[in-house]
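My questions all concern the structure below.
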Amino acid sequence: MSHRRVVVTGLGVVSPIGVTPSEAWNNALEGKSGIGRITLIDPSDFTSQVAGQVNGFDPVAHFGAAEARKSDRFTQFARVASLNAWNAAGFADDPPDPERVGVILGSGVGGIGTFEEQMRTAMERGPRRISPFFVPMMISNMACGQVAIDLNARALNYCTVTACASSGHALAAALDSIRLGRADVILAGGSEAPITFMALGGFCALKALSTGWNDRPTRACRPFDRDRDGFVMSEGGAVLILEELSHAKARGAEIVAELVGAGMTCDAFHITAPAEGGEGSRRAMINAMRDGGIDPGSVDYINAHGTSTQLNDVNETMAIISALGQENAHRIMVSSTKSVHGHMLGAAGSMEASITCLALKHGVVPPTINHENPGEGCVLDYVPGSAREADIHVALSNSLGFGGHNVTLAFRKYTGN
Amino acid sequence: MSLENRVTEIIVNKLGVKAEEVTPEAHFVTDLGADSLDQVELMMDFEDAFDLKISDEEAGKLQTVGAVIDFLKAKGISV
């Protein structure tokens, strides 16, 4: 099947390591951690007390006080990241046909903070004090709806909800949609604002979060390391402008990278644990390579899901080995930038896709920090400690989510042909 | 603080408009940019501030700042 090619022409990032793509990129390269003690809520009663917060994010400065009050933090992140991506793509002065612009944004827990706040109000003061904005603020699809209003995007518009794979699915869906001709431009990505009483408490209850590094927050997220003890929750948003290649060329857009393929599978195994040997993730990588016409021998870099949990890191390593073969798996570089920005849950896939695109563009692979002693079974080159310059052309980005969802995105350096 | 000033303050806080815009003739939707959801919240704020209950039928008639002030006065509220 001949298909329309899809390129990335703009990035927008609001993250614990920076509120522009270049700031986040530089911090990722320098291995500068955005993890700290939680201040958005009082963490003292929680087993995990560290997170990646977007410190200094001021919604009033972006939207005004009255408007800021009417949207959840996850929507605010999505709006800012989308606007920045839109401007970076050069659409501010020269917008595309609105009926050909779509929005697909994922979120794992949507407006959970709004839910908690309104629940408290309702319990204390009765159901008549529930705000009329409660439902529109809480529902996970409101980020997409609001971004469409902001940017007059009138084509397909929906939300992908697959936990930590949400924005991976958003990008995969956007790729398919542009190939099928449903739109020429799609804002794709995700956002998350989970540093709340219930979300933090819920993930603590699952024993999924790091608890042993509360006094050393920047060292808490240590993917593939022997002393890793869980993921570190973080918040933010990341949005990519995906655009059909000839549409981008016709307007002289600067192309960051090409999204050449996607693979999506399900473990059908367990609600939270990965399948034995990362079987589902393995098939997602194989499917993405097949979709993108990529031979395993040409893969240079994988931005791993690499959560820093015991189960993920060893199973993902096995998945990479079985998907690429022993020789290729040991040849390539694998890094987890979660080590610096934490796990942005529904925004993780698009955050890491953004970093992957920049790695291809600049020919530099960001490191895995805190990778000091390889964990058992963690046998690959995880680019520990410092960034590495390398002439990379093909990169994969993995996102895996509770529910057994696996997404792999395949990107290629864009060289003008 | 006068009744008028308190009402103005509530509207300014909720809608993010300037106090000068909040004249008795100002219409919540056409002059002050409120939508139907903003109006519901405004009524809640008036209920809280003046410790009274506004029925849906009454709320439907309160489309201008002056209508709110008249309504509150008719309910015997002066401050």
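Coordinate-derived values only; no laboratory data. Quantities reported herein were computed from a predicted structural model and do not represent experimental measurements. All Cβ positions, even for glycine, are placed from backbone atoms using ideal geometry, and neighbour counts span all protein chains on display.
Could you tell me which residue of segment A:56-81 is farthest from the other protein chains (Cβ to nearest Cβ), considering only residues that are among the basic types (K, R) and closer than 22 Å to A:G34 by Cα?
A:R73
May I pose another question? Among the residues of segment A:114-168, which ones are closer than 21 Å to A:T196 by Cα and touching a Pro at 6+ places or on another chain (Cβ under 8 Å)?
Listed by number, the list holds a single entry, A:M142.
The conditions are (1) more than 18 Å from A:R69 (Cβ to Cβ); (2) within 14 Å of chain A (Cβ to nearest Cβ); (3) not small (G, A, S), and B:L42 fails exactly one of them. Which is it?
Among (1) more than 18 Å from A:R69 (Cβ to Cβ); (2) within 14 Å of chain A (Cβ to nearest Cβ); (3) not small (G, A, S), B:L42 violates only (1).
Here's the yes/no breakdown for (1) in a helix (DSSP H, G or I); (2) over 12 Å from the mean Cα position of the chain (by Cα); (3) at negative phi:
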site: B:E20; (1), (2), (3): yes, yes, yes
site: B:T23; (1), (2), (3): no, no, yes
site: B:D31; (1), (2), (3): no, yes, yes
site: B:L37; (1), (2), (3): yes, yes, yes
site: B:V40; (1), (2), (3): yes, no, yes
site: B:D45; (1), (2), (3): yes, no, yes
site: B:A49; (1), (2), (3): yes, no, yes
site: B:I54; (1), (2), (3): no, no, yes
site: B:E57; (1), (2), (3): yes, yes, yes
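Looking at segment A:46-54, can you tell me whether even one residue there is more than 14 Å from chain B (Cβ to nearest Cβ), surrounded by fewer than 14 Cβ atoms within 10 Å (Cβ to Cβ), over 21 Å from the mean Cα position of the chain (by Cα) and farther than 23 Å from A:A143 by Cβ?
No: segment A:46-54 contains no residue that is more than 14 Å from chain B (Cβ to nearest Cβ), surrounded by fewer than 14 Cβ atoms within 10 Å (Cβ to Cβ), over 21 Å from the mean Cα position of the chain (by Cα) and farther than 23 Å from A:A143 by Cβ.
I would also like to ask the following. Can you go through A:L187, A:L209, A:L245 and tell me which one is more than 17 Å from A:A51 (Cβ to Cβ), of a type in the set (A, V, I, L, M, F, W, C) and buried (at least 24 other Cβ atoms within 10 Å of the Cβ)?
Every option except A:L187 fails the conditions.
What's the total number of residues in segment A:285-305 that are in contact (Cβ under 8 Å) with a residue 60 or more places away in the chain, in a helix (DSSP H, G or I) and within 19 Å of A:L380 (Cα to Cα)?
2
Okay, moving on. Collect the residues in segment A:4-37 that are among the small types (G, A, S), in contact with a Gly (Cβ under 6 Å, 6 or more places away or on another chain) and assigned to a helix (DSSP H, G or I), keeping them in residue-number order.
Scanning segment A:4-37 gives a single hit, A:A24.
Cβ-Cβ below 7 Å, separation at least six or inter-chain, first residue in segment B:1-21 and within 14 Å of another protein chain (Cβ to nearest Cβ) and within 23 Å of A:P59 (Cβ to Cβ), second aromatic (F, W, Y) and part of a helix (DSSP H, G or I): which pairs?
Here the result reads B:I10/B:F46, each pair linking segment B:1-21 to a residue that is aromatic (F, W, Y) and part of a helix (DSSP H, G or I).
Restricting segment A:89-145 to residues that are at positive phi and surrounded by fewer than 23 Cβ atoms within 10 Å (Cβ to Cβ), which is nearest to the other protein chains (Cβ to nearest Cβ)?
A:G126
Is it fair to say A:S234 is more than 30 Å from A:D72 (Cα to Cα) and hydroxyl-bearing (S, T, Y)?
So A:S234 does not fit the description; no.
Inside segment A:307-354, can you point out the residues that are under 12 Å from the mean Cα position of the chain (by Cα) and over 13 Å from A:T368 (Cα atoms)?
Residues satisfying the conditions are A:H343, A:M344, A:L345, A:G346, A:A347, A:A348, A:G349, A:S350, A:M351, A:A353, A:S354.
Tell me which of these A:S308 doesn't satisfy, since it passes every other one: (1) surrounded by 24 or more Cβ atoms within 10 Å (Cβ to Cβ); (2) assigned to a helix (DSSP H, G or I).
(2)
Also: Out of the helices (runs of 4 or more DSSP H) lying entirely within segment A:319-417, which hold 3 or more residues that are closer than 22 Å to A:R219 by Cα and in contact (Cβ under 8 Å) with a residue 12 or more places away in the chain?
Answer list for segment A:319-417: A:338-341, A:348-362.
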